[in-house]
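Before any comments, here is the structure.
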Amino acid sequence: MFRPTILTLLLLSASAGAAAQSNGCAVPDQMTKDQKLPCVRAATIMLDQPTLTPDQLATGPDFDPATPEKNRFAYFTEADTINCYFRPHYAFQKVPGDSMKFQCWHMTGDGAFYSRKGDVIRVDDVKVVIEKDKSGVSKASLYPRNDDKNAHEIKADDFKIKYLKPPFPDHDPRFNEVFTAVAATRFMWLLGFPADHVYPAGSANCIGCTDDPFGKKLTDNKASLKDPPSVFKVVNAERELPWDEINPDDDETWSWTDAARFYADGEWTHQQKVQYDAYRLALGLIHYHNALPQQNRLDCAEWAPQTPGQSKVCSKPVIYVHDMGSTFGKKRSELDLFGTNPRGIFSAWEPQTVFLNPATCELRATLLGDKQVLKEAQDLMIQRLARVDHDTVKTVFRVSRFNMTDQEQVRRLRSSGAQNVDDAALEEWTTTFLKRIEEVRTAQNCKAN
C-alpha cells in the first residue's frame, strides 16, 4: 500500500515519466541567477504515480494510514479548526501576490506549539524577532519572550493560510484560490506531478493577525499567547514540498521560456521532453494558463555527496508550478484591463477544453511551448489517467468544497429546482473534468516520437 510520506516524494520514477538521467547541477554558495539555468536544464517534472485508497485521496499527502495519529498535526480537513500564531512574511516580499494569505506558527488547542516533527513545545509566552537573512530579506523567528539574548529559537511548525474577503459566502471570487488550490494540487498529486500540499480547513484562529493581515501588510506580531485570536472562516492551509529551494538572490523561480528553449534546441533529453508535454497536458485538465516565472519553483529533491572545498551538487533538481490557485476558470478578457482571471467559476471553466483543436493535438494553453505535444506524452497521460474514475474525481472536488466556490452556479442550480444543490454542483464539475480526460485519450495526430 502506498504511504505518501516524504520518502515517497523523493522516489522519482525510472520509467518514461521518470527523472532524466543527468549529472545534476552545481549549487555554489554565492550562486547567481544565471547559474540556475543548468539546474533547469537537468531538471525533472514527474514523480512516481501513487496508488491511493479513497481515504488517502480524501485526506491528503501528509496522511500516513500506518500511523494516523502520529502525524495528525501535519494535515487538515474541512472540519478542522487551526490554531496558530501570526508569522510576519508577505509584507517583506518583493512580489507578495494578490491573494489573501498569511503565514503562522502552528499551535495546539491549549496554547502550546507543534515542532516540525509534531512534538509539543510548551512555553509561557513568545516574541517575534525580525532579522535579515543572507539575501538581505527580512525574516521572522520565534523565541521565548524572556529570552533576552535570543539564544533559544522555537523551531515551530509553520505553514501558509489563505482566507476569503469578505467572508464566505459573500467573498470576492478573486479569492477562490481557497478552493481551487486544494483541487489543483490534489489532482497533480494523484497523477504523479510535484505540487505543494494544500488542505481545506473549517477555520483558523490566529493570534496577532488582526482581521486582514495581508491587506494591512503586518510586519510584526507583539501579541501575547493569552490574547484572543482573529478568526478566519473557510480557509486552506498549504505546506511546501519537503525539498530545498534553489534560490540565488532569494529567487527560486524558473521560466517557461527557458524550458521551451531547452525543449526546442535539443538541450533536454527525450525523457524530459515527454515529461514537459505530459505536465502541460495535466495542467490543461485544470486550465492552468499563467506562464509566469513567479508562480514556479526550482527545488533540489536530492543532493549528491559533498566534496570538501567544492560546490554542492544537486543530483535531482525538480521544476514545477507551486502556485496553482488561478485554475478552474479562464484568462481574463483582453478588454478587461483592470480585472483578474476568473478562478473557480464553472461557467468560465467549462468551455476551456484541453485542446484548441483535438484533431491536430493543438493545446489551448501552450505555456509558451510548442502547440502540439508528443504522442509518447499523450500515451503516458492516458496510462496515468486510467486510475481516475468518476468517484475519484468527485472525491477531489468534494474535499476541495467545489459545492461552495461558485455562488452563481449554486443560485442557478437552486432556481432550476435541484433537490440536492451541493451534489448537483459537484456533479457538474466532475462531468466536465471527465470530458477533459476523454479529450486527452482521443486527441489525434500528436507529434511523432
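For residue 404, the solvent-accessible surface computed with a 1.4 Å probe is close to 40 Å², ligands and nucleic acids excluded. For the chain, what does the helix formula give at 222 nm: sum of -39500 (n - 2.57) over DSSP H segments with n ≥ 4, over the residue count, nearest 500 deg cm²/dmol? When only DSSP H runs of four or more count, the value is -7500 deg cm²/dmol.
Averaging the sequence gap over all C-alpha pairs within less than 8 Å and six or more residues apart, then dividing by the number of residues, gives the chain a relative contact order of 18 percent.
Of the residues 188, 100, the one with the largest accessible area comes first in the ranking 100, 188, computed with a 1.4 Å probe on protein heavy atoms. In this simple spin-label approximation, residue 418 and residue 222 carry label points 7 Å from Cα along the Cα→Cβ vector, and these lie 4.9 nm apart.
What is the local net charge at residue 422, summed over the other residues whose Cβ is closer than 14 Å to its Cβ (Lys, Arg +1; Asp, Glu -1)? Residues close to residue 422 contribute a combined charge of +1.
Which order do 400, 255, 333 take by accessible area at a 1.4 Å probe, largest first?
These residues rank, largest area first, as 333, 255, 400.
Using the Cβ-Cβ distance between residue 151 and residue 331 with R0 = 60 Å, the FRET efficiency computed as 1/(1 + (r/R0)^6) comes to roughly 0.70.
Note down the net charge around residue 326, summing +1 for each Lys or Arg and -1 for each Asp or Glu among other residues with Cβ under 11 Å from its Cβ. Charge balance near residue 326 sits at +2. Label the stretch 24-140 by shape, choosing from rounded, prolate and oblate, from the square roots a ≥ b ≥ c of the eigenvalues of the Cα gyration tensor; if a/c is under 1.5 it is rounded, and otherwise prolate applies when a/b is larger than b/c, oblate when it is not. Judged from the Cα gyration tensor, the stretch 24-140 comes out oblate (a/c at least 1.5, b/c at or above a/b). Residues in the chain average 45 Å² of solvent-accessible surface per residue, probe 1.4 Å, ligands and nucleic acids excluded. Label zone of residue 315 (point 7 Å out along Cα→Cβ, amide N under 20 Å): in the stretch 27-71 this covers 27-29, 38-48. Rounded to the nearest 10 square angstrom, residue 427 shows an accessible area of 50 square angstrom against a 1.4 Å probe. Rolling a 1.4 angstrom probe over the chain with all protein chains present gives an accessible area of which 49% lies on carbon and sulfur atoms. Taking the DSSP beta bridges with both ends in the chain, the antiparallel portion is around 85 percent. Looking only at 434, 413, 368, which one moves most when the chain is put into a Gaussian network model with springs between Cα atoms under 10 Å? Maximum fluctuation in the GNM of the chain, among the listed residues, is at 413.
Of all aspartates and glutamates in the structure, those lying under 14 Å Cα to Cα from residue 94, and not within fewer than 8 positions of it along the same chain, are 249, 250, 251, 252.
Each peptide among 302-314, 282-294 gets the average number of other Cβ atoms lying within 10 Å of its residues, and from highest to lowest they stand as 282-294, 302-314. Under 1.5 on a/c is rounded, so check that first for the stretch 82-136, then, if it is not, pick prolate when a/b is larger than b/c and oblate when it is not; a ≥ b ≥ c are the square roots of the alpha carbon gyration tensor eigenvalues. Prolate. Solvent-accessible surface of protein heavy atoms, probed at 1.4 angstrom with all chains present, puts 45, 382 in the order 382, 45, largest first.
Anisotropy class assigned to the stretch 348-420 is prolate, per the alpha carbon gyration tensor with a/c at or over the 1.5 cut-off and a/b larger than b/c. Among the listed pairs 70/117; 330/447; 70/101, which have their C-alpha atoms separated by more than 18 angstrom in this model? Pairs exceeding 18 Å: 330/447; 70/101.
Note on residue 371 and residue 29: the model spin-label points, each 7 Å out from Cα along the C-beta direction, lie 5.1 nm apart. Within 12 Å, Cβ to Cβ, of residue 215, how many net charges do the neighbouring residues add up to if Lys/Arg are +1 and Asp/Glu are -1? Summing Lys and Arg as +1 and Asp and Glu as -1 gives 0. Cross-link check: pairs 160/435; 33/139; 222/312 evaluated at a Cα-Cα cut-off of 27 Å; pairs beyond the cut-off: 160/435; 222/312.
The values are calculated or read from the model by the stated rules, or taken from the named source; none is laboratory data. This is a predicted model, so every value here is computed, not measured. Here Cβ is always computed from backbone atoms with ideal geometry, including for glycine, and neighbour counts include all displayed protein chains. For the accessible areas, the whole protein counts, side chains as well, though only heavy atoms, and no ligand, DNA or RNA atoms are used. Shrake-Rupley method; radii C 1.70, N 1.55, O 1.52, S 1.80 Å.
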